[in-house]
Amino acid sequence: MSFDRVLVANRGEIALRIIEACRELGLDSIVVYSEADRGMPYLRMAERAICIGPADPAKSYLSIPAIISAAEVTGAEAIHPGYGFLSENPDFAEVCSDHGLTFIGPDHRTIALVGDKLAARRTVAAAGVPVLPAAPVPDDEADLRAVAAEVGYPLLVKAVYGGGGRGMRLVQEEGELAAAVTSAAREATAAFGKTELYLERALINPRHIEVQVIGDTFGRIAHLGERECSIQ
């Protein structure tokens, strides 16, 4: 689907990069902002800026109704979510499609598969890819300690949804576990609007090697080779 006007559903440097990319491609950009970001310089770079709510991300950058309404009011034809916030929310991608808006990103079914880290683990494990020991975080504290002991220390408390290192805590021993879970849940909720967590065995001083794969709606797929990300 072709489009000429893109709503940028993010903030700060992320929004600025998308605005600049739109300009290079000859596309109009509309950027949303919360009341906390009113007056930020990057807002002037877009053709239009529209306020979508108060400073609380849950009522602005994580509010699907607010962003869809902004797109409809401004006549946007596509939405670029950037990363973080709603970029890995399959419901958001599906709602965009339902409203006739192009979601610049993966199909909602793909996001549901890889955006949920527990589902992604099950998928790659079924394909024969080795995975580290892991388990969902239970509600009961006694069960939590038992699950953590089974996963093994040191371990990571990780957000099931989202990324970028948010909602993640390293736990070296049982005495650190409860506080780490509380802290990770709070950060995950603020960043992604979801509190689900899981425990995963931690690797100390690992090498982080990525192979990035990109594809488009025409079935063309390419990989960008290996990337050494250990120093990030």
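So is residue 34 exposed (fewer than 15 other Cβ atoms within 10 Å of the Cβ), free of Cβ contacts under 8 Å to residues at least 60 places away in the same chain and among the small types (Gly, Ala, Ser) or not?
Taking the combined requirement at face value, the residue does not satisfy it.
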> Considering the range 18-70 alone, what residues qualify as being farther than 23 Å from residue 97 by Cα and of a type in the set (Lys, Arg)?
Replying inline: 23, 38, 44
>> Looking at the range 79-97, can you tell me whether even one residue there is within 27 Å of residue 114 (Cα to Cα), in contact with a strand residue (DSSP E or B) (Cβ under 7 Å, 6 or more places away or on another chain) and hydroxyl-bearing (Ser, Thr, Tyr)?
In response: yes
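Before we move on, is residue 161 modelled with pLDDT of 95 or more, among the hydroxyl-bearing types (Ser, Thr, Tyr) and either assigned to a loop (DSSP other than H, G, I, E, B) or assigned by TED's automatic domain parsing to the domain that holds residue 85 (or both)? Working first, answer last.
Values: modelled with pLDDT of 95 or more: no; among the hydroxyl-bearing types (Ser, Thr, Tyr): yes; either assigned to a loop (DSSP other than H, G, I, E, B) or assigned by TED's automatic domain parsing to the domain that holds residue 85 (or both): yes.
No: the conditions fail for residue 161.
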> For the range 99-137, how many residues are surrounded by fewer than 16 Cβ atoms within 10 Å (Cβ to Cβ), in a loop (DSSP other than H, G, I, E, B), free of Cβ contacts under 8 Å to residues at least 40 places away in the same chain and not acidic (Asp, Glu)?
Replying inline: 7
> Among (1) among the basic types (Lys, Arg); (2) over 19 Å from the mean Cα position of the chain (by Cα); (3) outside the structural domain of residue 196 (by TED's automatic domain parsing), which single condition is residue 145 missing?
Replying inline: (3)
> If you take the residues in the range 175-232 that are of a type in the set (A, V, I, L, M, F, W, C), closer than 23 Å to residue 84 by Cα and in a helix (DSSP H, G or I), which one is nearest to the chain's Cα centre (by Cα)?
Replying inline: 192
>> Of everything in the range 50-96, what is under 18 Å from the mean Cα position of the chain (by Cα), of a type in the set (S, T, N, Q) and more than 20 Å from residue 39 (Cα to Cα)? Give them in sequence order.
In response: 63, 87, 89
> In the range 183-209, what residues are exposed (fewer than 12 other Cβ atoms within 10 Å of the Cβ) and without any contact (Cβ under 8 Å) to a residue 40 or more places away in the chain?
Replying inline: 205, 206, 207, 208, 209
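Mind listing whichever residues of the range 164-176 are out of contact with any Ser or Thr (no Cβ under 9 Å at 6 or more places or on another chain), within 30 Å of residue 108 (Cβ to Cβ) and surrounded by 15 or more Cβ atoms within 10 Å (Cβ to Cβ)? Quick ask: steps written out before the conclusion?
The initial filter retains those residues of the range 164-176 that are out of contact with any Ser or Thr (no Cβ under 9 Å at 6 or more places or on another chain), namely 164-166, 168, 170-176.
Now restrict to residues that are within 30 Å of residue 108 (Cβ to Cβ): 164-166, 168.
Within the range 164-176, 166, 168 qualify.
Going through 85, 92 one at a time, which residue ends up being farther than 21 Å from residue 180 by Cβ, aromatic (Phe, Trp, Tyr), in a helix (DSSP H, G or I) and in the same structural domain as residue 13 (by TED's automatic domain parsing)?
Of the residues listed, the single one that is farther than 21 Å from residue 180 by Cβ, aromatic (Phe, Trp, Tyr), in a helix (DSSP H, G or I) and in the same structural domain as residue 13 (by TED's automatic domain parsing) is 92.
Which ones in the range 1-60 are among the small types (Gly, Ala, Ser), at pLDDT below 95 and part of a helix (DSSP H, G or I)? Give the derivation first.
First, the residues of the range 1-60 that are among the small types (Gly, Ala, Ser): 2, 9, 12, 15, 21, 26, 29, 34, 36, 39, 46, 49, 53, 55, 58, 60.
Imposing the further condition that a residue be at pLDDT below 95 reduces the set to 2, 39, 58.
Within the range 1-60, 58 is the sole residue that qualifies.
The values are calculated or read from the model by the stated rules, or taken from the named source; none is laboratory data. The model shown is predicted, which means the values in this text are computed figures rather than measured ones. In this analysis, Cβ positions are derived from the backbone assuming ideal geometry, glycine residues included, and neighbour counts consider all displayed protein chains.
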